[in-house]
Amino acid sequence: MTRSIIRAFVIAVILPALLGYAAEIKVTVSAGDSERVATPVYTDLKLTAEQMTGPICVVADDKTQPAQVEPLDGGRARVWWIVDNLPKGKSQTVQIKPGEAAKVPADEVFAWKDSSQGKVESKDLRFGERPVIRYMYTPFDGTNKATIDITRKPYYHVFDPDGSRLITKGEGGLYPHHRGIFYGHNKIKVAGRDKPIDVWSAADAHQIHTRFVREYAGPVFGGHVVTVDWIDRQGKAFATETRTIRVFRSPRNETLIQFDTTIVTDDGPVALESSNNHHGGVQFRPPQAVAENKVNTRFLRPGRWTTMPADKAIDVEQHPDFKDLPWDAIQYKLGDRSYTVADLCNPKNPRNAEMSERDYGRFGEYSTWQLTKDKHLSLTYRFWITATHDVKPVQVDRKYADFAHPPKVGLD
């Protein structure tokens, strides 16, 4: 063995091992009490700088699959991949291989592309050439009613899983402040302010996108981290929100979106409250066409709520225990296409959270919170979107289990 070969072997194998890194890592994935199909999983590892930015794949059941690295603080990394099919109660050994790539077609990789038009600023997350979500972030303009309607809040549009059309509402129409996936409150109480603040409708306060912190692109998921300031009537930020969105690789005719938000204040205390559960929280709003044909709206619900009429929205005023649901789902049609949108609620979110439903389409979870300089709020939701009404509660239960009780991943 020549000196150059020995040197290369030491650098590639011996030195990383001595430093706590590895050329190959084995982990065990345990399904637990639920069957796992198209389930995102991750494990946190210590990788070299080269491994952080280089190719990576996993091998499970002799099948090579794409993996993706998400950098973390402290020189560590989160490695993501998709568990394709793991039966309930079973385990599988997975080899994580930094430096090796799975063969992935160019049209099966997430990437961001600017989609701005004129003064309207937006970015599309695409899977190949197919748009998946659109981030709308035009800076707020309070000049007149028209500019307010266009710019009142940053939010996410969602596309049909085939990329052919938007299946969420933008500006205009019934309740123009509702749009896509959005978050806010309409009666926020801030110390030192004489009146509650409304960033929900942006009547005299608003939200504004301030920064792109990080963008994610790759074969397993795409997304980004952004910051959004919540602004009072005097134009001062009283809270800052950090939003993270991820869209995971999914089967055909499905989209899986994870929305995480953390909101903090240097002001305060700040009471995140609303007039009721229909005017606050993280919500999803289908297009205006759904409001114009609301007789076709249906709801799919978990547990004992399956016995309630599917064509009638449940109101927490009549059913005060309609709260702390694991999930809720809406079904609607646009033309000849049918959609089921399930809102999966993380059990770590604040409890005593009320679910809101409206037959014109908007739905989501609402909870209150008291922000202080030392106490922030974090919320996490997943939206599972399928281009069909042929969805059973047990299927949504499985997706909820993937989210709330994910497979266990441990070093082998």
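The values are calculated or read from the model by the stated rules, or taken from the named source; none is laboratory data. What you see is a predicted model; the values in this text were computed from it and never measured. We place every Cβ from the backbone using ideal geometry, glycine too, and count neighbours over all the protein chains shown.
Figures for the structure shown
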item: Test for residue 305: is it of a type in the set (A, V, I, L, M, F, W, C), out of contact with any strand residue (DSSP E or B) (no Cβ under 6 Å at 6 or more places or on another chain) and either outside the structural domain of residue 197 (by TED's automatic domain parsing) or modelled with pLDDT of 95 or more (or both); result: yes
item: Test result for residue 290, farther than 26 Å from residue 402 by Cα, buried (at least 19 other Cβ atoms within 10 Å of the Cβ) and touching a strand residue (DSSP E or B) at 6+ places or on another chain (Cβ under 6 Å); result: yes
item: Positions within the stretch 176-220 being crowded, with 19+ Cβ neighbours inside 10 Å and among the hydroxyl-bearing types (Ser, Thr, Tyr), in sequence order; result: 183, 216
item: Strands (runs of 3 or more DSSP E) contained entirely in the stretch 148-253, each with at least 1 residues that are over 17 Å from residue 124 (Cβ atoms) and in contact (Cβ under 8 Å) with a residue 12 or more places away in the chain; result: 180-185, 206-216, 221-231, 237-248
item: Residue in the stretch 224-235 that is basic (Lys, Arg), under 24 Å from residue 151 (Cβ atoms), surrounded by fewer than 21 Cβ atoms within 10 Å (Cβ to Cβ) and at pLDDT below 95 present; result: yes
item: Checking residue 171 against (1) surrounded by fewer than 22 Cβ atoms within 10 Å (Cβ to Cβ); (2) in contact with a Gly (Cβ under 7 Å, 6 or more places away or on another chain); (3) within 23 Å of residue 338 (Cα to Cα); (4) not hydroxyl-bearing (Ser, Thr, Tyr), the condition it does not meet; result: (2)
item: All positions within the stretch 175-193 that are within 21 Å of residue 138 (Cα to Cα) and hydrophobic (A, V, I, L, M, F, W, C); result: 181, 182
item: Residue match in the stretch 258-268 (condition: more than 19 Å from residue 369 (Cα to Cα) and either touching a Lys or Arg at 6+ places or on another chain (Cβ under 6 Å) or basic (Lys, Arg) (or both)); result: yes
item: Members of the stretch 92-111 found to be surrounded by 14 or more Cβ atoms within 10 Å (Cβ to Cβ) and small (Gly, Ala, Ser), listed by number; result: 99, 101, 102, 111
item: Subset of the stretch 293-310 that is assigned to a loop (DSSP other than H, G, I, E, B) and within 23 Å of the chain's Cα centre (by Cα) - its residue that is surrounded by the fewest Cβ atoms within 10 Å (Cβ to Cβ); result: 302
item: Candidates 118, 128 - the one that is without any contact (Cβ under 8 Å) to a residue 24 or more places away in the chain and over 30 Å from residue 200 (Cβ atoms); result: 128
item: Verdict on residue 153 being under 29 Å from residue 363 (Cβ atoms), basic (Lys, Arg) and in the same structural domain as residue 402 (by TED's automatic domain parsing); result: no
item: Residue in the stretch 121-138 that is of a type in the set (Gly, Ala, Ser), in contact with a Lys or Arg (Cβ under 7 Å, 6 or more places away or on another chain), under 24 Å from residue 256 (Cα atoms) and assigned to a loop (DSSP other than H, G, I, E, B) present; result: no
item: The stretch 79-120, residues that are assigned to a strand (DSSP E or B), closer than 22 Å to residue 37 by Cβ and not aliphatic (A, V, I, L, M); result: 80, 81, 84, 85, 91, 92, 93, 95, 110
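So that you can scan it fast, the table gives a plain yes or no per residue for (1) more than 20 Å from residue 235 (Cβ to Cβ); (2) among the β-branched types (Val, Ile, Thr); (3) touching a strand residue (DSSP E or B) at 6+ places or on another chain (Cβ under 8 Å):
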{"residue": "127", "(1), (2), (3)": "yes, no, yes"}
{"residue": "132", "(1), (2), (3)": "yes, yes, yes"}
{"residue": "138", "(1), (2), (3)": "no, yes, yes"}
{"residue": "142", "(1), (2), (3)": "no, no, yes"}
